[in-house]
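> Before I ask anything, here is the structure I am working with.
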Amino acid sequence: MTLSHRWGDATFIKLLKKNADELKVGILIDHLPQTFRDAVEVTRKFNIHYLWIDSLCIIQDSIDDWNKEALQMSQVYQHAICNIAATGAVDSAKGLFFDKNLHLVRPCKVSIPARQATTGTETRYIVDPEFWHGRLEKAPLIRQA
């Protein structure tokens, strides 16, 4: 599994030359930003044992590692079982999940007079077909690219 996220202005733990040995031993989940913690939770719920996060899998202060890993990055994403995209978060501290006004995302249920062939009412759902498309186009992760 992979995570696409926006770094933003938040400070968070990154793989560096000076902490590489320490991070290879492990990281306390409490030391990770919320977006990473949420991605770990999703990964575990899918019973997947590996999560690739660029800032923890590429040595950030090593040009050599960046050049080597950049060549493989498309393969990492292409062969991942799933890519988690933190589209709504402006930085890694915000997390994957947000409280939303459910009335904005739920279809509107209406009852209308039945057609001539039946009696009573029919239930229809009204959905704005552009809602999700517009939300994704304006998402912080998409605008970054």
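The values are calculated or read from the model by the stated rules, or taken from the named source; none is laboratory data. Just so it is clear, the structure is predicted and the values come from calculations on it, not from any experiment. Every residue, glycine among them, receives a Cβ derived from its backbone with ideal geometry; neighbour counts consider all protein chains shown.
> Please indicate, with yes or no, whether at least one residue in the range 92-109 is aliphatic (A, V, I, L, M), touching a Ser or Thr at 6+ places or on another chain (Cβ under 9 Å), more than 26 Å from Leu32 (Cβ to Cβ) and modelled with pLDDT of 70 or more.
For the range 92-109, residues aliphatic (A, V, I, L, M), touching a Ser or Thr at 6+ places or on another chain (Cβ under 9 Å), more than 26 Å from Leu32 (Cβ to Cβ) and modelled with pLDDT of 70 or more: absent.
> What about Thr87, is it closer than 15 Å to Trp7 by Cβ and at pLDDT below 90?
yes
> Okay, next question. Taking only pairs six or more apart or across chains, which ones have beta-carbon atoms under 6 Å, a first residue in the range 8-19 that is farther than 15 Å from Ala89 by Cβ, and a second residue that is among the acidic types (Asp, Glu) and surrounded by fewer than 16 Cβ atoms within 10 Å (Cβ to Cβ)?
Close Cβ pairs satisfying both conditions: Leu16/Asp61; Lys17/Asp61.
> Filter the range 52-81 down to residues that are more than 14 Å from Leu3 (Cβ to Cβ), surrounded by fewer than 15 Cβ atoms within 10 Å (Cβ to Cβ) and aliphatic (A, V, I, L, M), then give me how many there are.
The total comes to 3.
> Let me ask something else. Tell me which residues, restricted to the range 20-39, are closer than 15 Å to Ala93 by Cβ and free of Cβ contacts under 8 Å to residues at least 12 places away in the same chain.
Scanning the range 20-39 gives Ile29, Asp30.
> Here are some residues: His5, His49. Which one is within 28 Å of Asp64 (Cα to Cα), within 20 Å of the chain's Cα centre (by Cα) and surrounded by fewer than 16 Cβ atoms within 10 Å (Cβ to Cβ)?
Result: His49 is the single residue among His5, His49 that is within 28 Å of Asp64 (Cα to Cα), within 20 Å of the chain's Cα centre (by Cα) and surrounded by fewer than 16 Cβ atoms within 10 Å (Cβ to Cβ).
> Further question on the same structure: Are there any pairs, at least 6 apart or on different chains, whose C-beta atoms fall under 9 Å, with the first in the range 56-71 and assigned by TED's automatic domain parsing to the domain that holds Ile13 and the second among the aromatic types (Phe, Trp, Tyr), and if so, which?
Going by the 9 Å Cβ cut-off, the qualifying pairs are Leu56/Phe36; Ile58/Trp66; Ile59/Trp66; Gln60/Trp66.
> Here is a further query. Every residue in the range 15-33 that is of a type in the set (Lys, Arg) and at pLDDT 95 or above, please.
Lys17, Lys18
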